Amino acid sequence: MSELSTDRKTILSGMQPSGELGIGHVAGALRNWVKLQNEYDSLFCVVDQHAITVRQEPAKLRKRTLDIAAMYIAAGIDPEQSVVFVQSHVPEHVQLAWVLTCMTGMGECARMTQFKDKSESNADNINVGLFTYPILMAADILVYNADLVPVGQDQKQHLELARNLAERFNHHYSQTFTVPEPYIPEVGGKIMSLQEPTKKMSKSDPNQNASIWLIDTDDQIRNKIKRAVTDSGSDIVYNEELRPGVSNMMSLYHIATGKSFADIEQEFAGTSGYAPFKEAVGEALVGYIRPIRERFLEVRADKDGLDKILHAGAEQARARARKTLRKVHKKIGFVE
Ligand code: TYM
């Protein structure tokens, strides 16, 4: 297990164990974590405390927390190099969140689009945690003084709050927190539903054909792409507004193959209908996801190995988080 060094910059990111991970999570975040982990001190957590802002079944939450940690490793996160841990194992996140909560205006939380969306979809459980969620996310980031936060586009507004809170604290007391920058990919920052390409692909979508999960079989992947909603017209051109379905699939094809949009347009110029394109996208995704799925099954089967990684990860993360929290408590006037 590597020591976190002080001369390299830090990245932190996390995912909620509130459902299966899909190709959107890889496209928007996970593949960048893998890419950046060699250059940065890297911390990746499974944010179980965020997940309970929406009702969760305990057994499922427990299983998914481990699934997601295993998926990080399966997708290429090296636990020898990066710190992989579970949020609730590091109580300093919540402790810092309380301090930041006392510095956040109600209006700042009320205007978060994710809060508005989730309040609509969970109308029977609009809890205070759902409201203050972005403050806990800010604490996740600031407690490690992360420089960079690799996420998908939907997290941009939350990152903005984290930046504001860092600046506010620094201004009020004295320089304490690094102001974090988001790292959002140009392609893949927002992968859309395969069934409604104007809507984000999401863990909580009940329509199983809308998302490609990382545990899908080869045939499931092929079939979902075959059934994906396309647009009127038949040529393969990138235009998010006029051709959201095809553009989304071009993004997926780019992720799986590395080919540019210009190359993809060229490759399918003059083919009739969407079928050959869809077949190529399906096969490319099968080739991309299969090794992740196979590695996931191996990692997940070794429960002791996974536990060891998560416990060592939590210890390393805590050592670092404790230092920041101590500094914060001292600055705000808590007695040591
Ligand atoms: P979550 O669990 O919803 O998603 C995990 C990551 O995947 C990205 N993502 C997507 N990217 C592209 N297309 C999609 N369709 C798609 N769906 C999800 C998300 O942007 C995210 O990067 N609040 C966060 C979790 C969090 C966090 C943090 C992230 C808590 N604390 C601290 C970074 C730093 C969330 O709900 O992500």
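The values are calculated or read from the model by the stated rules, or taken from the named source; none is laboratory data. All figures in this text were calculated on a predicted structure; none of them were measured in a lab. Neighbour counts run over all protein chains shown; Cβ positions are idealised from the backbone, glycine included. Only protein heavy atoms, including side chains, enter the accessible area calculation; ligands, DNA and RNA are left aside. Shrake-Rupley method; radii C 1.70, N 1.55, O 1.52, S 1.80 Å.
Couple of notes before you dig in:
- Residue in the stretch 217-234 that is assigned to a helix (DSSP H, G or I), open to solvent by 40 Å² or more (accessible area, probe 1.4 Å), farther than 30 Å from K60 by Cβ and in contact with a helix residue (DSSP H, G or I) (Cβ under 9 Å, 6 or more places away or on another chain) present: no
- Candidates in the stretch 38-53 are the residues that are more than 23 Å from E20 (Cβ to Cβ) and of a type in the set (S, T, Y); of these, the one that is nearest to the ligand (Cβ to nearest atom) is S42.
- Residue count for the stretch 195-216, restricted to those that are within 13 Å of the ligand (Cβ to nearest atom), within 19 Å of the chain's Cα centre (by Cα) and part of a loop (DSSP other than H, G, I, E, B): 9.
- One residue from G333, G313 being of a type in the set (G, A, S), within 30 Å of M103 (Cα to Cα) and open to solvent by 50 Å² or more (accessible area, probe 1.4 Å): G333
Residue-wise test of (1) more than 25 Å from Y183 (Cβ to Cβ); (2) in contact (Cβ under 8 Å) with a residue 12 or more places away in the chain.
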{"position": "F85", "(1), (2)": "no, yes"}
{"position": "G107", "(1), (2)": "yes, no"}
{"position": "Q114", "(1), (2)": "no, yes"}
{"position": "N122", "(1), (2)": "yes, yes"}
{"position": "N125", "(1), (2)": "yes, yes"}
{"position": "V128", "(1), (2)": "yes, no"}
{"position": "V151", "(1), (2)": "no, yes"}
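- Residue that is nearest to L194 (Cα to Cα) [pool: residues in the stretch 253-262 that are out of contact with any Leu (no Cβ under 6 Å at 6 or more places or on another chain) and surrounded by 15 or more Cβ atoms within 10 Å (Cβ to Cβ)]: Y253
- Selection within the stretch 156-204 - of a type in the set (S, T, Y) and either open to solvent by 20 Å² or more (accessible area, probe 1.4 Å) or free of Cβ contacts under 8 Å to residues at least 12 places away in the same chain (or both): Y173, S174, T178, Y183, T198, S202, S204
- The requirement of being of a type in the set (A, V, I, L, M), over 20 Å from E181 (Cβ atoms) and more than 9 Å from the ligand (Cβ to nearest atom) is fulfilled somewhere in the stretch 88-96, by at least one residue.
- Test: I184 is out of contact with any Ser or Thr (no Cβ under 8 Å at 6 or more places or on another chain), under 21 Å from I332 (Cβ atoms) and among the hydrophobic types (A, V, I, L, M, F, W, C): no
- Residues considered: E283, E265, E240. Of these, the only one that is more than 24 Å from R64 (Cα to Cα), open to solvent by 80 Å² or more (accessible area, probe 1.4 Å) and in contact (Cβ under 8 Å) with a residue 12 or more places away in the chain is E283.
- If the condition is being modelled with pLDDT under 95 and away from the ligand (no atom under 12 Å from the Cβ), then the stretch 7-37 contributes D7, R8.
- Hey, D78 more than 16 Å from the ligand (Cβ to nearest atom), closer than 26 Å to K9 by Cα and out of contact with any helix residue (DSSP H, G or I) (no Cβ under 6 Å at 6 or more places or on another chain) or not: yes
- Every residue from the stretch 109-142 that is over 18 Å from the mean Cα position of the chain (by Cα) and open to solvent by less than 50 Å² (accessible area, probe 1.4 Å): C109, A110, S119, N122, N125, N127, G129, F131, T132
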